[in-house]
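The values are calculated or read from the model by the stated rules, or taken from the named source; none is laboratory data. Please read these numbers as outputs of a predicted model, since none were measured by experiment. All Cβ positions, glycine included, derive from the backbone under ideal geometry; neighbour counts span all protein chains shown.
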Amino acid sequence: MSLASVWSEVDPGAMGRQVGRIRVEHSVHRSAYGTIALPFAVFANGTGPTVLLMAGSHGDEYEGQLALTRLIRRLDVSRIQGRILVLPAANLPAVVAGRRTSPLDDGNLNRSFGDPCAETPTGRIAAFITEELLPCCDVFLDLHSGGSSLRHLSCSYADLGENRAQAERTFAALEAMNAPLSWAQAGTPAAPVAGSAALRKGVIHLSGEFGGGGALNRADLQVAERCVWRLLDHLRILPMAEEWWATNPTRFVFNEQAHFTYAPCEGVFEPAADLGDTVSAGQPAGHLHRPECPEDPPVALHFAATGIVAAMRAMGRCLPGDCLFQLLGEIPRDQILRRIAAMD
C-alpha cells in the first residue's frame, strides 16, 4: 500500500492485530533516506463496518492521543466484528514537539486536507489519510482538544453533510457517543479540514474537543475514552465495556460567529466567566490589561451572544485577534431532527 512517498508497513485489509508504522519520506541533511514513522494499528475480525480513529492531528492535544494509545494496548481483537484503524499520533512531528503545528514545515494537519498534492511532510500525511485510509472506512472519528491556547469543555461534534440518509446515521452515532455536549453542524465544512475530506469520500465524520490548556485533563480523558467505546458499541464493532454504560443525558448545542470573543488589542486577559458558565449578550466577559503601561485603564470586553462558555483562553498574554471565549448555544433535539428531515 503506497502513495508516492508515503507507505504503510501494516495492511489495513488483513485480519488480526497489527501494530506498525506508516512511513513518510523525509530527506534532510542529517538523513538523506529518512522517514517519519507514524504509529498505526489495525484490528480486524469477522464482518462489520470499518472505523478510523485518529488523534494527534495537533501535537499539543493530549486527551485523544492517550485515549487511543490505551485503546491499542487494551483491545482484544477476538471480540471485534469489523475493522478498527487507529492513528494515535497522526502528525507525529507535532506530537513529539508538543506543538499545534509540525516543527518540520509549520504544517497544521487539520488545515491540510484541501491540496492532495502538497509536497510537505504534513501535506503528504493528509493526502495519505484522504486517498488511502478514508476510502476503506465507513466512519471517521477525529479526536481534538483546546490545545495549549484554549481550555475546552468536553464536547462531541459531527458534520451532518448534505444527504439526509447520511445525516441520520451521523446524528445517531453522535447521540450514542453521549458527550456532555453534542454539537451537530449542518452541511459540509468549507475549510480544508479532515471532516471535509471524509465527506468527500462518503464517510461519516465525527469529532470532538476534550480538555486542553496544554495539559492532560483526567476527567476529559475519561469522557474521550467513553465516547470512543460507545461509538464502537453503536457501530456493533465492539461491545462497550461495562464501565462506560452509566452516563447523563447529552445537551445539544450549536455555534455561530457571535459566540466568539476576540482580543481587540494586546494585553493580559482577565476573564470574568469560567468554563461551563451560562452567559448573556452584553454581560462582561473580562478585561485586557497592559502592565507595561500601568497608567492606562483596562479595556472592557463583553459577550455578544448568549450561551455556555465552552472554550476560553488558557494563556494570559494576548495579541489582537486571539480567541478569548467560544460559546455554544443550546438547541432542542427535535429541532435538529426537523432540519435533518428537511434535507433532500
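Here Gln166 fulfils each of the conditions (1) more than 30 Å from Asp322 (Cα to Cα); (2) in contact with a strand residue (DSSP E or B) (Cβ under 8 Å, 6 or more places away or on another chain); (3) buried (at least 20 other Cβ atoms within 10 Å of the Cβ); (4) not aromatic (Phe, Trp, Tyr) apart from (3).
Which residues, taken from region 229-249, are closer than 30 Å to Asn45 by Cβ and not in a helix (DSSP H, G or I)? Leu235, Arg236, Ile237, Leu238, Pro239, Met240, Ala241, Trp245, Ala246, Thr247 - these are the residues of region 229-249 that are closer than 30 Å to Asn45 by Cβ and not in a helix (DSSP H, G or I).
Please give the strands (runs of 3 or more DSSP E) falling wholly within region 261-344 in which 2 or more residues are surrounded by fewer than 20 Cβ atoms within 10 Å (Cβ to Cβ) and not β-branched (Val, Ile, Thr). Show your work before the answer.
Numbers: elements: 267-271, 284-289, 299-302, 307-313, 323-330.
Correct list: 267-271, 284-289, 299-302, 323-330.
With respect to the stated conditions, Leu328 is touching a helix residue (DSSP H, G or I) at 6+ places or on another chain (Cβ under 7 Å), aliphatic (A, V, I, L, M), at pLDDT 95 or above and closer than 28 Å to Ala172 by Cα.
Would you tally the residues in region 38-60 being over 21 Å from Arg74 (Cα atoms) and either exposed (fewer than 14 other Cβ atoms within 10 Å of the Cβ) or touching a Ser or Thr at 6+ places or on another chain (Cβ under 8 Å) (or both)? Lay out the reasoning, then the answer.
The first filter runs over region 38-60 and keeps only residues over 21 Å from Arg74 (Cα atoms), leaving 57-60.
Among the residues that remain, those that are also either exposed (fewer than 14 other Cβ atoms within 10 Å of the Cβ) or touching a Ser or Thr at 6+ places or on another chain (Cβ under 8 Å) (or both) are: 58-60.
Selection size over region 38-60: 3.
Filter region 246-260 for residues that are more than 13 Å from Leu324 (Cβ to Cβ) and either acidic (Asp, Glu) or surrounded by 12 or more Cβ atoms within 10 Å (Cβ to Cβ) (or both) and give the result. Show your work before the answer.
Here is the first cut: in region 246-260, the ones more than 13 Å from Leu324 (Cβ to Cβ) are 246-258.
Thr247, Thr250, Arg251, Phe252, Val253, Phe254, Asn255, Glu256, Ala258, listed by residue number.
Checked against (1) in a loop (DSSP other than H, G, I, E, B); (2) free of Cβ contacts under 8 Å to residues at least 60 places away in the same chain; (3) over 19 Å from Arg200 (Cβ atoms), Leu104 passes all but condition (2).
Selection of region 107-149 for residues being over 15 Å from Ala89 (Cβ atoms) and in a helix (DSSP H, G or I) yields Arg111, Gly123, Arg124, Ala127, Thr130, Glu131, Glu132, Leu134, Pro135, Cys136. Determine if region 82-95 includes at least one residue that is within 25 Å of Gly213 (Cα to Cα), without any contact (Cβ under 8 Å) to a residue 40 or more places away in the chain and among the hydrophobic types (A, V, I, L, M, F, W, C). Yes - at least one qualifying residue is present in region 82-95.
Rundown of residues vs (1) surrounded by fewer than 23 Cβ atoms within 10 Å (Cβ to Cβ); (2) outside the structural domain of Ala94 (by TED's automatic domain parsing); (3) under 24 Å from Tyr62 (Cα atoms), yes/no style:
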residue: Phe140; (1), (2), (3): no, no, yes
residue: Leu143; (1), (2), (3): no, no, yes
residue: Gly146; (1), (2), (3): no, no, yes
residue: Leu174; (1), (2), (3): no, no, yes
residue: Pro180; (1), (2), (3): yes, no, yes
residue: Lys201; (1), (2), (3): yes, no, no
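Restricting the search to strands (runs of 3 or more DSSP E) fully inside region 24-99 and requiring at least 3 residues that are over 22 Å from Thr170 (Cα atoms), in contact with a Phe, Trp or Tyr (Cβ under 9 Å, 6 or more places away or on another chain) and basic (Lys, Arg) gives an empty result. Scanning region 227-282 for residues that are of a type in the set (Asp, Glu) and free of Cβ contacts under 8 Å to residues at least 60 places away in the same chain returns Asp233, Glu242, Glu243, Glu266, Glu270, Asp274, Asp277.
The selection criterion, being surrounded by fewer than 23 Cβ atoms within 10 Å (Cβ to Cβ), under 14 Å from the mean Cα position of the chain (by Cα) and in the same structural domain as Asp76 (by TED's automatic domain parsing), does not hold for Gly195.
I'd like the full set of residues that are outside any strand (DSSP E or B), under 20 Å from Gly82 (Cα atoms) and either hydrophobic (A, V, I, L, M, F, W, C) or in contact with a strand residue (DSSP E or B) (Cβ under 6 Å, 6 or more places away or on another chain) (or both), limited to region 5-23. Break it down into steps so the answer makes sense when it comes.
The first filter runs over region 5-23 and keeps only residues outside any strand (DSSP E or B), leaving 5, 9-15.
Filter once more, keeping what is under 20 Å from Gly82 (Cα atoms): 10-15.
Correct list: Val10, Pro12, Ala14, Met15.
Of everything in region 184-198, what is over 15 Å from Leu109 (Cα atoms) and touching a helix residue (DSSP H, G or I) at 6+ places or on another chain (Cβ under 8 Å)? Give them in sequence order. Within region 184-198, Ala184, Ala186, Thr188, Pro189, Ala190 meet the criteria.
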